[in-house]
Amino acid sequence: MRRLWESKVSRRKLLGGAAAGGAGLPVLHALIPHEGLHGGSEAVAQEDVAHAMATHRGAGHLGAVGSVDPMANGFDPHQVVRDFDEGRMVGGVRQWELVVEDKKIEVAPGVKYEAWAYNGRVPGPTLRAREGERLRVRLVNASHHPHTIHFHGIHRAAVDGVPGVGSGNVNPGEAADYEFVASPFGLHLYHCHSTPLADHISKGLYGAVVIDPKQGRPAADELVMVMNGFDTNFDRSNEVYAVNTVAFAYMDEPIRVRREQLVRIYLVNALEFDLVNSFHVHANFFDYYPTGTRLEPRDYTDTVVMGQGERGMLELRFPYTGKYMFHAHVSEFAELGWMGFFEVVD
Ligand code: CU
Ligand code: CU
């Protein structure tokens with residue numbers, strides 16, 4: 001009873017505040033779908049997040065009021081989107097070191113989240129290699145919990161990064177090496193596989209792996225977009241949605257691309273707790289390569305739907321200059337942070 005009463009009061013208060021700010025819909029979406037879905041005492045945190053979103057959207061346009069400081073987070077979605085980490089070649093082996101740490105990050109203006117991060121960023125570095133290369137990834141655990149790295153790809157059981165097999169759980173203060181051959185070519189992901197699994201993933205321990213085919217791909221402006229979300233009140237449901245972690249980051253500052261330039265998007269769905277995510281681009285269509293494992297596209301479309309762990313490559317050119325939205329076609333996600341703009345320039 002108490003919670004219901006609080007919810008009603010909260011909703012009225014939020015609606016009032018939102019009406020004054022000129023944006024009501026996102027608040028409704030933030031609050032109503034969650035009532036009755038989980039029985040926790042999440043009212044306060046839920047309200048905080050909804051309020052942050054209402055404030056964010058209250059400016060009368062789709063941009064931000066206030067912003068997330070990339071310096072404080074230590075990573076910037078505008079750099080992450082074009083950041084491909086090729087590691088170092090040592091003795092014919094391509095090598096990386098991923099350090100896991102506990103890190104508080106800001107995922108929307110005013111919304112802090114106690115993340116777990118590979119190399120201090122969420123998503124972790126986008127690892128890039130060529131098909132057939134020998135790879136070695138060292139995991140250093142500088143956090144307070146056991147972790148692993150599980151890579152999608154073809155490899156021996158010993159380096160699969162699951163508890164109880166090979167190096168298994170890597171305890172705080174310990175390290176482990178994962179060695180395998182880059183295969184197959186395509187777009188993959190890596191993530192922690194310690195238990196409880198959903199927690200280790202949703203806290204931020206995931207990233208993309210791009211394995212280029214031996215013959216390469218046509219030159220393009222390449223972008224990596226990891227679709228994710230944040231359960232800010234631990235009710236196993238997300239309150240904030242994004243691409244590359246920061247809600248509305250590309251609304252506030254669009255991703256600039258050139259007219260007629262080939263744009264290649266490496267799109268990964270790292271979302272937990274929601275079964276389906278999606279990507280939709282306005283006023284354009286793209287070639288779609290599921291998992292990037294074939295050289296020919298499977299589809300020509302403007303919307304792609306992905307389950308958990310699914311990923312794919314999108315290729316498109318913008319024929320006209322201007323600002324074009326992209327967002328989850330799951331409207332609730334879009335309103336809670338998962339939307340942005342391309343700005344097409346000559
Ligand atoms: Cu973990
Ligand atoms: Cu996986």
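When you filter the trypsin sites (Lys or Arg not before Pro) in region 266-346 for DSSP loop state and at most 12 other Cβ atoms inside 10 Å of their Cβ, you are left with Arg298.
Normalising the average separation of contacting C-alpha pairs (under 8 angstrom, six or more residues apart) by the number of residues puts the relative contact order of region 221-345 at 33 percent. Annotation note: chymotrypsin sites (Phe, Trp or Tyr not before Pro) in region 247-289 located in DSSP loop regions with a Cβ neighbour count of at most 11 within 10 Å are absent. Normalising the average separation of contacting C-alpha pairs (under 8 angstrom, six or more residues apart) by the number of residues puts the relative contact order of region 93-239 at 26 percent.
The antiparallel fraction among DSSP beta bridges confined to region 221-345 stands at about 75%. So for region 221-345, what percent of the C-alpha to C-alpha distances run longer than 24 Å? Cα-Cα pairs in region 221-345 separated by more than 24 Å: 23 percent. Among the trypsin sites (Lys or Arg not before Pro) found in region 64-129, those both in a DSSP coil and sparsely packed, with 13 or fewer other Cβ atoms within 10 Å of their Cβ, are Arg82. Let me know the shape class of region 72-212, please: from the alpha-carbon gyration tensor, a ≥ b ≥ c as square roots of the eigenvalues, rounded when a/c is under 1.5, otherwise prolate if a/b is greater than b/c, or oblate. Verdict is oblate for region 72-212.
Quick note: the coordinates plus some simple rules give every number you see, no bench work behind them. All values derive from a computational prediction rather than experimental measurement. Positions of Cβ are generated from backbone atoms using ideal geometry, with glycine treated the same way; all protein chains shown enter the neighbour counts.
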